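Chemist: Following this message is one structure expressed as C-alpha cells.
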Amino acid sequence: MEKKRALSKKENFAVNVLLLLAICAAVYMSNVAFRIANIYQSIKTNQRGWKGHVHAADAELGFAPIPNAVGAHVFPIGPDVPMRYDKDGFRVPMEVERTSKHPRPLILALGCSFTYGDATYAEDTYPYLVGQSLKGTIKNAGVCGYGLSQMMLLAKKLVPIYKPDYLLVQYSTWLVDRAQTPFAPSSFGKTPVPFFYEEDQHFALYPPVFLSKVPELPVSRYRATSISWTDAFSFFWKVGLPLSLYDDFNMVKYKAFRSLGIIPNPTSARTELIKYVYKVIHEVAEEYGTRVVIVVLGDDGNLVKVNEQWFPSDVLIVNGQDALIRHLPRTNIVENYRNKYAHWRGSPPRFGDGHPNETAHKIIADAIVSEIRQAGIQ
C-alpha cells in the first residue's frame with residue numbers, strides 16, 4: 001500500500017487560507033441571508049414604504065423624484081395613499097389639472113416629508129392649502145428624506161427658473177441632522193446624500209459617496225406576490241443579493257476612504273451651518289424678488305427651539321409647531337398632540353404614522369397665510 005505524502009508547509013498554508021476564506025464566505029452569506037429575510041418580511045407585511053418606481057438615484061441630490069411618476073405610500077394598517085409627481089418632479093394631486101393657467105402668486109415649498117405631506121393626499125398638504133388660500137400656484141418640492149443640503153441645492157436650481165413670489169422653507173431639527181451625515185434615513189439599503197463639511201474655514205458640500213441601488217431594484221413587484229419559497233428565492237436573487245453585495249462593497253470602500261482622509265468628516269458646527277444654509281437660500285431668493293417664509297415644524301408636542309438670529313432679518317418666520325400646540329388643551333400636550341395630529345388608521349383606529357395629518361396641515365397653512373397677510377406682503 002502506497003504511503004500518503006504529507007502536505008508541505010506551503011500546501012498546508014494554502015489549505016488553511018482556503019478553509020478560512022470558506023468560513024468567512026459562509027458567515028458573510030449567512031449574515032446576508034438574515035438581512036434579506038428581514039427586508040422580505042417587512043415588504044410582505046406592508047411596513048411603511050413606497051409602491052411604484054417614483055424615485056431615481058441622483059449624483060447631486062442622492063435621490064430625486066422621477067417626472068410624471070405615479071405610485072403610493074404603503075402602510076401596515078389601512079389602504080395605500082396614492083401620490084403623483086408632475087412633469088417637473090413636484091408633488092401634485094392625482095387628478096390632472098386641465099387648465100394651462102398658473103396665476104400669481106407662485107409659491108415654491110422646500111422641505112422633507114413634512115412639506116411633501118407623507119401619508120397625506122397632496123391636496124391636503126399645507127403648501128397646497130396655502131396656494132389655494134392665496135389663489136395662486138403651488139410648486140411643492142418637498143421630498144421624503146431630504147435635509148438642508150438638498151434644500152439649498154434645490155433653492156439654487158429652482159428659484160432662478162420659477163422666480164416664485166414666496167419661498168416656503170421648512171425648519172426642523174432633523175433637517176440639520178441630515179445635512180451632517182452622508183446617508184439619508186432608509187427602511188433598508190444605503191441611500192448616500194450630499195453632506196456639509198468644513199474646508200478652509202468655510203462650508204462646502206460633498207456629493208453622495210456612491211449612488212444608491214435601492215431605486216433601481218424591483219422591490220414593489222414583491223408587494224403584490226404571494227409568499228412562497230419560489231417568491232422568496234426570486235426576491236433573494238433579484239433584490240436582496242444584488243443590494244447586499246453592492247452596499248457592502250461600497251461601504252467598505254467608503255470607510256477606507258474616510259479613514260485615509262480622502263472623504264472628509266461631516267461638519268459638527270450645527271448653529272453655524274443653520275445660519276449658512278438659510279443665508280444662502282435667502283440670497284438666492286432676494287436676487288429674484290422672492291420673499292422667504294421660514295416654516296418651523298416639530299414632530300411631537302414639544303416646542304421647537306428657534307433663535308431668530310439663525311435667519312436673515314427680513315425673512316418671515318411662521319412657527320407652525322406653536323400654532324399646532326395652541327390648538328390643544330393645556331394638559332397632556334404630548335399625548336393630545338399625537339392623538340390629534342398623527343394618522344390613525346383602521347377600525348378601531350390605531351396609530352399608523354406620525355407625520356402631520358390633514359388637521360395639522362390645515363392649521364399650519366392657516367398660520368402661514370395669516371402671517372403673510374398680517375405682514376402685508378400678499
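The values are calculated or read from the model by the stated rules, or taken from the named source; none is laboratory data. Source: prediction; values computed, not measured. Cβ placement follows ideal geometry from the backbone for every residue including glycine, while neighbour counts extend to all protein chains displayed.
Chemist: Within the stretch 134-170, restricting attention to residues that are of a type in the set (Gly, Ala, Ser) and either surrounded by fewer than 20 Cβ atoms within 10 Å (Cβ to Cβ) or without any contact (Cβ under 8 Å) to a residue 40 or more places away in the chain (or both), which residue is farthest from PRO103 (Cα to Cα)? Please lay out each step first, then the result.
Modeler: First, the residues of the stretch 134-170 that are of a type in the set (Gly, Ala, Ser): 136, 141-142, 145, 147, 149, 155.
Adding the requirement that they be either surrounded by fewer than 20 Cβ atoms within 10 Å (Cβ to Cβ) or without any contact (Cβ under 8 Å) to a residue 40 or more places away in the chain (or both) leaves 136, 145.
Working: GLY136: 5, GLY145: 30 Å.
Result: GLY145.
Chemist: Also: I need the full set of residues from the stretch 215-258 which are among the aromatic types (Phe, Trp, Tyr) and surrounded by fewer than 18 Cβ atoms within 10 Å (Cβ to Cβ), in order please.
Modeler: The initial filter retains those residues of the stretch 215-258 that are among the aromatic types (Phe, Trp, Tyr), namely 222, 229, 233, 235-237, 246, 249, 254, 257.
Matches in the stretch 215-258: TRP229, PHE233, TRP237, PHE249, PHE257.
Chemist: Another question, then. What pairs can you find where one residue is in the stretch 346-375 and more than 30 Å from VAL74 (Cβ to Cβ), the other is of a type outside the set (A, V, I, L, M, F, W, C) and assigned to a loop (DSSP other than H, G, I, E, B), and their Cβ atoms are less than 7 Å apart, with a gap of 6+ or different chains?
Modeler: ILE372/GLN378
Chemist: Report, by residue number, each residue of the stretch 154-179 that is more than 19 Å from LYS305 (Cα to Cα) and outside any strand (DSSP E or B).
Modeler: LEU154, ALA155, LYS156, LYS157, LEU158, VAL159, PRO160, ILE161, TYR162, LYS163, PRO164, ASP165
Chemist: Taking only the stretch 322-377 into account, find how many residues are of a type in the set (Gly, Ala, Ser) and under 24 Å from the mean Cα position of the chain (by Cα). Working first, answer last.
Modeler: The first filter runs over the stretch 322-377 and keeps only residues of a type in the set (Gly, Ala, Ser), leaving 323, 342, 346-347, 352, 354, 360, 365, 367, 370, 375-376.
Among the residues that remain, those that are also under 24 Å from the mean Cα position of the chain (by Cα) are: 342, 352, 354, 360, 365.
The number of residues fulfilling the criteria is 5.
Chemist: OK, next. Give the stretch 1-38 a look and list any residue that's among the charged types (D, E, K, R) and either at pLDDT below 85 or over 17 Å from LEU241 (Cα atoms) (or both), or say none. If you could, list the steps in order and put the result at the bottom.
Modeler: Going through the stretch 1-38, the residues among the charged types (D, E, K, R) turn out to be 2-5, 9-11, 35.
Residues satisfying the conditions are GLU2, LYS3, LYS4, ARG5, LYS9, LYS10, GLU11.
Chemist: Ok, one more. Quick check, is GLN180 over 30 Å from PHE235 (Cα atoms), surrounded by fewer than 22 Cβ atoms within 10 Å (Cβ to Cβ), over 20 Å from the mean Cα position of the chain (by Cα) and not acidic (Asp, Glu)? Reasoning before the result, please.
Modeler: Working: over 30 Å from PHE235 (Cα atoms): yes; surrounded by fewer than 22 Cβ atoms within 10 Å (Cβ to Cβ): yes; over 20 Å from the mean Cα position of the chain (by Cα): no; not acidic (Asp, Glu): yes.
Here the answer is no, as GLN180 does not meet what is asked.
Chemist: Shifting gears a bit: Please specify each residue of the stretch 220-253 satisfying the condition of being over 24 Å from the mean Cα position of the chain (by Cα) and acidic (Asp, Glu).
Modeler: Answer for the stretch 220-253, where residues must be over 24 Å from the mean Cα position of the chain (by Cα) and acidic (Asp, Glu): just ASP231.
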